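Comments concern the structure below.
The values are calculated or read from the model by the stated rules, or taken from the named source; none is laboratory data. Note that the structure is predicted; figures quoted are calculated from it, not measured. All Cβ positions, glycine included, derive from the backbone under ideal geometry; neighbour counts span all protein chains shown.
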Amino acid sequence: MANRGNILLGGIFLAIGLILLKVAYEPHEMLFADPNALHIMTYPKILIYIWIIGSVFYAFGKKDCSTWDDFKKSKFQLLKVLLCIAFYAITFEYLGLFISTLLFLLVFFWVMNYRNRLTVPVALLCASITWISFEKLLGIPMPRPFFLDLF
Amino acid sequence: MLNDILHAFGTIADPMCLSMLVFGVIFGTVIGALPGLGTAVAITICIPFTLKMGSGPAIALLLGVYASSIYGGSISAVLLNTPGTPQSACTGMEGYPMARAGKAREALGWVTMSSVMGGLISCAVLVVAAPSLAALSVKYGGPLEICALICMGLACITSLSEGSHVKGILMGVAGLFLATIGNDPQTGEMRFTFGSQNLISGIDLMPVVVGVFPLAELFFRVYESFAQKAPKAIQCSGMKLPSWSDWKVKGRITNLLRSSLMGCGLGILPGTGATAATFIAYSSAKRISPNGKNFGKGEPDGLIAAESSTNAVSGGALVPTLAMGIPGEPVMALMLATLTLHGITPGVRLMADNPDIVYATFILLIMANLSLIPAAWFCIRGFGKIIAFPTAILLGLIVICSLIGVYLPRGNMFDVWMTLAIGVVAFFMRITSFPVAPLLIGYVLSNQLEYRMSQVCIYLGGGSLLDYTLDHPVAIALFVVAIILLVLPFFRKDSSDWECRTDIDVM
C-alpha cells in the first residue's frame, strides 16, 4: 500500500498541479482567435486536471520500491559532475568554444579519476577536434572569448 | 512514381550522403555496442552535426545510426552478456551461452545475418505500407481523425511504462504540458511564461531531448559506476556467417520470416517498440521451433527470432512516423524532430509534397541494413578496444556534443541551463522508475493535438460534439482503439514479467 515516499512525491506533484491550475484560471483574453476556437487555457486545464488525478493515484497507489542506497553512495560524485557541466556552460559563453572545452575536459577528467600522462594531450586533442569540426568545418557561429573584444 | 524514385537516387548519389551513411552505420554500431548508451543517445549526439547539412546527408546519417545502433547492442550481448540496448536482452540469452561454448564467431554470424534479413524484410513492408497508409490518411484525415490518431499515439504511453502505468501517464502529461509553455501556436498569446522573456518562445525540443537522454544517461552512468562492476568480454576476432545449409535446417527460414513480420507489425503499432517485439517473437519461436527445448542454451533459432524481430521494428516504426507524423517510440520522436528541423514535416502531406525524400528514406534504410555486415566485421574485430575506451573521455565528448547541439538552433544560453535542469529531473525520474520516454512522446505530439482540437471546435461552430463525432466513424474506431490501448495494460496480468528479466529500464 501507500508509503511515505509516495505520499511526499505525490503531494509535491499535487502542489505543482494546483499552482498551475491557479495560473490557468487567471483571466486570459482571446484577442486574435476565431470566436469558436479553443480557449488558450482549455487544453492546459485538461492536462492539469489529468495531472492532479494522476498525482492522487500515485500518492495513494501501489508502493514505490525505489531504493536510495546507491544514490547516497554516488551523490558527491554526481554533484561534482553536475558542477563540472555548469562550469562548462558558464565558461562557454565568456571564453569561447576551444578554451571552455579544454578547461571542461581537464576538470571533468580529474573528477572522473582519469588521471594519467595522457590526460592533458587527450583533452587538448578533443578540444581541438571539437573546435575544428564546429567552427571551421561546419562554420557554426560560437561565442567569442571576451578578451578578444578588448583589443 | 518512377520519376520520384530516380530523383531519390539522385539525392543519395551525393558522395556526402553516402559517406554520412557509412559513418552513421559505423558510429551507430560502436555506440550501440557500448552498454547503456543505446539508440536515442547515439542519434542525439549526431543531431548538432546534421543542422548544417542538407536534408539528404542528414537523413542518411540518422538512418545509418538508427539501423546500426540496434544491431550494435547485440555484439555486447553476445560477447559481454551485457546487452548494449534493452532490445538485445534475448540475444544475450542465446548468444552468450554459445560464445561461452567457444562458438562466438558462429553466434555473431547468426546475429548479423538475422539482423540484416529482418531489416530488409521490414524495408519491404515499409515500402508497401507507408504510401498506402498515407493515401488512406489523406482520404480520411479530417481534424477529428487526426486527433484520434494522436490519441492512439499517446495511448501507447501506458505500454511504455511497464511496472507503473500511473507514472507513465504522469510523465506523458508532463511532456504534453511542457509543450504548452510560451506562445500559443494559433493566437500568439502567452501562457505559463511567469514573466520570463526566455520562455516566450517556449521550451525548445533540443533541451528536452538532450536533457532526457544523453544528460540523464551521463548522470546514470556515474551513479551506476558505484553500483556495478565492469563486466569481462569474451575474446573474438571475427564472425562466421551461416551457410545456406545452416539455413536449410527445418523451420529456420519460417522462423526468420515469422519473427521479422512480427517485429515489423509490432513496430507499426504505437508504443510496443523493439523490446516488446523481441520478447514476443522470441517466446513464440521457443513455443513453435522444433529446437524449443534448447532455447537458453545457445540455440541459433533463438538468435534468429530475437535479432530479426528487433531489426524489423526499424522499418515498421517508420511507417506511422513518415505516413502520419505520429511517432510510436521515443527514437521515432527524435527522428521526427530532426526532420522538422530540416524543414521536412512528416505526415499525411509528406508523400505528396516530398516524395523524393520518402523514396530516398526507403533506399537509405535498405543500404544501411546492407552496410551492417562490413560494419560488423570492423566492430567485432575492435570490440575489445571499444569497451576498453575510457568512460571519462566518452562521457566528456557526449556532454560537449549534447550542449553544443542545444546551443546551436537558437544560440541561446538559456536553453543550455534548461537542458541541465531537465537532465537532473530526468535522472531522478529514472532512478525512481518513472519512464522518461512518454515525456518525449507527449512533448512531440502536444502542439499537433491542441491545434487539431481547436480545428474541431471551429468546425463545430457551437454545434454538438456528439453529433459531429457520430458523423465520423473512422474517428470513432480510432478513439476506441486508443481507449483499448490505454486501458489494456492496466488489466494485463503481470505484464512486466518479460521486461523485468532484463534488469534494464526501457528508455
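Quick test of your reading of the structure: B:Leu339 fulfils all but one of (1) closer than 21 Å to B:Arg252 by Cβ; (2) touching a helix residue (DSSP H, G or I) at 6+ places or on another chain (Cβ under 9 Å). Name the failing condition by number.
(1)
Determine whether the range A:73-87 contains at least one residue that is more than 19 Å from B:Gly423 (Cβ to Cβ), touching a helix residue (DSSP H, G or I) at 6+ places or on another chain (Cβ under 9 Å), facing chain B (nearest Cβ under 10 Å) and not basic (Lys, Arg).
no
Restricting to the range B:432-475, what's the tally of residues that are surrounded by fewer than 19 Cβ atoms within 10 Å (Cβ to Cβ) and under 14 Å from B:Met171 (Cβ atoms)?
So the answer is 2.
I'd like the full set of residues that are surrounded by fewer than 19 Cβ atoms within 10 Å (Cβ to Cβ) and either of a type outside the set (A, V, I, L, M, F, W, C) or part of a helix (DSSP H, G or I) (or both), limited to the range B:37-59.
If the condition is that a residue be surrounded by fewer than 19 Cβ atoms within 10 Å (Cβ to Cβ) and either of a type outside the set (A, V, I, L, M, F, W, C) or part of a helix (DSSP H, G or I) (or both), then B:Lys52, B:Gly54 are the ones that fit.
Condition first: assigned to a helix (DSSP H, G or I), aromatic (Phe, Trp, Tyr) and surrounded by 13 or more Cβ atoms within 10 Å (Cβ to Cβ). Now tell me which residues in the range A:111-151 satisfy that. Explain how you work it out, then say what you get.
Of all residues in the range A:111-151, those assigned to a helix (DSSP H, G or I) come to A:111, A:119-137, A:146-150.
Right, trim to aromatic (Phe, Trp, Tyr) and you get A:131, A:134, A:146-147.
A:Trp131, A:Phe134 - these are the residues of the range A:111-151 that are assigned to a helix (DSSP H, G or I), aromatic (Phe, Trp, Tyr) and surrounded by 13 or more Cβ atoms within 10 Å (Cβ to Cβ).
In this structure, is B:Gly265 at pLDDT 80 or above, within 24 Å of B:His165 (Cβ to Cβ) and either in contact with a Pro (Cβ under 7 Å, 6 or more places away or on another chain) or outside any loop (DSSP other than H, G, I, E, B) (or both)?
Yes.
Out of all the residues in the range B:114-121, is one or more surrounded by fewer than 21 Cβ atoms within 10 Å (Cβ to Cβ) and without any contact (Cβ under 8 Å) to a residue 40 or more places away in the chain? Outline the logic, then answer.
First, the residues of the range B:114-121 that are surrounded by fewer than 21 Cβ atoms within 10 Å (Cβ to Cβ): B:120.
Restricting the remaining residues to those that are without any contact (Cβ under 8 Å) to a residue 40 or more places away in the chain gives none.
No, because not a single residue in the range B:114-121 is surrounded by fewer than 21 Cβ atoms within 10 Å (Cβ to Cβ) and without any contact (Cβ under 8 Å) to a residue 40 or more places away in the chain.
Tally up the residues in the range B:268-278 that are assigned to a helix (DSSP H, G or I) and farther than 21 Å from B:Met113 by Cβ, please.
Result for the range B:268-278: 4.
Which of the residues spanning the range B:449-474 are touching a residue at least 60 places away in the same chain (Cβ under 8 Å) and not in a helix (DSSP H, G or I)? Lay out the reasoning, then the answer.
So the first thing to find is which residues in the range B:449-474 are touching a residue at least 60 places away in the same chain (Cβ under 8 Å), and the list is B:449-456, B:459, B:468-469, B:472, B:474.
Within the range B:449-474, B:His472 is the sole residue that qualifies.
Residue by residue through the range B:339-370, note down the ones that are acidic (Asp, Glu) and in contact with a Gly (Cβ under 9 Å, 6 or more places away or on another chain).
B:Asp356 - this is the single residue of the range B:339-370 that is acidic (Asp, Glu) and in contact with a Gly (Cβ under 9 Å, 6 or more places away or on another chain).
Going by the conditions given, is B:Leu149 more than 24 Å from A:Pro44 (Cβ to Cβ) and more than 13 Å from every other protein chain (Cβ to nearest Cβ)? Break it down into steps so the answer makes sense when it comes.
Details: more than 24 Å from A:Pro44 (Cβ to Cβ): no; more than 13 Å from every other protein chain (Cβ to nearest Cβ): yes.
Answer is no for this residue.
Report, by residue number, each residue of the range B:324-353 that is among the small types (Gly, Ala, Ser), more than 16 Å from the chain's Cα centre (by Cα) and assigned to a helix (DSSP H, G or I). Quick ask: steps written out before the conclusion?
Keep residues of the range B:324-353 that are among the small types (Gly, Ala, Ser), which gives B:325, B:328, B:333, B:337, B:343, B:347, B:352.
Add one more test, that the residue is more than 16 Å from the chain's Cα centre (by Cα), and what stays is B:343, B:347, B:352.
Answer for the range B:324-353, where residues must be among the small types (Gly, Ala, Ser), more than 16 Å from the chain's Cα centre (by Cα) and assigned to a helix (DSSP H, G or I): just B:Ala352.
Could you grab me the full set of residues in the range A:63-72 that are among the hydrophobic types (A, V, I, L, M, F, W, C) and within 7 Å of another protein chain (Cβ to nearest Cβ)?
Selection gives A:Phe71 alone.
Take the conditions in contact (Cβ under 8 Å) with a residue 12 or more places away in the chain and either among the small types (Gly, Ala, Ser) or surrounded by fewer than 18 Cβ atoms within 10 Å (Cβ to Cβ) (or both) and apply them to A:Lys45. Does it pass?
Here the answer is yes, as A:Lys45 does meet what is asked.
Any idea how many residues of the range A:88-107 are aromatic (Phe, Trp, Tyr) and under 17 Å from B:Gly423 (Cα atoms)?
Residues in the range A:88-107 being aromatic (Phe, Trp, Tyr) and under 17 Å from B:Gly423 (Cα atoms): 1 in total.
Out of the residues in the range B:237-288 meeting the condition of being of a type in the set (Gly, Ala, Ser) and without any contact (Cβ under 8 Å) to a residue 12 or more places away in the chain, tell me which one is surrounded by the fewest Cβ atoms within 10 Å (Cβ to Cβ). I'd like the intermediate steps shown before the answer.
Initially, the range B:237-288 is screened for residues of a type in the set (Gly, Ala, Ser), giving B:237-238, B:243, B:245, B:251, B:259-260, B:263, B:265, B:267, B:271, B:273-274, B:276-277, B:281, B:283-285.
Add one more test, that the residue is without any contact (Cβ under 8 Å) to a residue 12 or more places away in the chain, and what stays is B:243, B:245.
Numbers: B:Ser243: 9, B:Ser245: 7.
So, considering only residues that are of a type in the set (Gly, Ala, Ser) and without any contact (Cβ under 8 Å) to a residue 12 or more places away in the chain, the one surrounded by the fewest Cβ atoms within 10 Å (Cβ to Cβ) is B:Ser245.
Among the residues of the range B:44-51, are any under 15 Å from the mean Cα position of the chain (by Cα) and aliphatic (A, V, I, L, M)?
Scanning the range B:44-51 turns up at least one residue that is under 15 Å from the mean Cα position of the chain (by Cα) and aliphatic (A, V, I, L, M).
Taking the condition of being at the interface with another protein chain (Cβ under 7 Å from one of its Cβ atoms) and out of contact with any strand residue (DSSP E or B) (no Cβ under 8 Å at 6 or more places or on another chain), how many residues in the range A:38-47 meet it?
Of the residues in that region, 3 qualify.
Report whether or not A:Phe60 is free of Cβ contacts under 8 Å to residues at least 60 places away in the same chain, buried (at least 16 other Cβ atoms within 10 Å of the Cβ) and more than 7 Å from every other protein chain (Cβ to nearest Cβ).
no
Would you pick out the residues in the range B:184-201 that are more than 10 Å from chain A (Cβ to nearest Cβ) and in contact with a Lys or Arg (Cβ under 9 Å, 6 or more places away or on another chain)?
The one that is more than 10 Å from chain A (Cβ to nearest Cβ) and in contact with a Lys or Arg (Cβ under 9 Å, 6 or more places away or on another chain): B:Ser201.
Considering only residues that are surrounded by fewer than 18 Cβ atoms within 10 Å (Cβ to Cβ) and either under 19 Å from B:Phe414 (Cα atoms) or of a type in the set (Asp, Glu) (or both), which ones fall in the range B:169-189?
B:Asn183, B:Glu189
Taking A:Phe147 as the residue in question, decide whether it is within 21 Å of the chain's Cα centre (by Cα), at pLDDT below 90 and over 26 Å from B:Pro48 (Cα atoms).
No; evaluated as a whole, the condition is false for this residue.
When A:Leu97 is evaluated against the numbered criteria (1) farther than 22 Å from B:Phe194 by Cα; (2) free of Cβ contacts under 8 Å to residues at least 24 places away in the same chain; (3) at the interface with chain B (Cβ under 10 Å from one of its Cβ atoms); (4) in a helix (DSSP H, G or I), which criterion, by number, is the only one it fails?
Every condition holds for A:Leu97 apart from (2).
May I ask you to list the residues in the range B:1-36 that are more than 25 Å from the chain's Cα centre (by Cα) and assigned to a helix (DSSP H, G or I)? Lay out the reasoning, then the answer.
Going residue by residue through the range B:1-36, those that are more than 25 Å from the chain's Cα centre (by Cα) are B:1-7, B:9-10, B:13-15.
Passing the criteria: B:Leu2, B:Asn3, B:Asp4, B:Ile5, B:Leu6, B:His7, B:Phe9, B:Gly10, B:Pro15.
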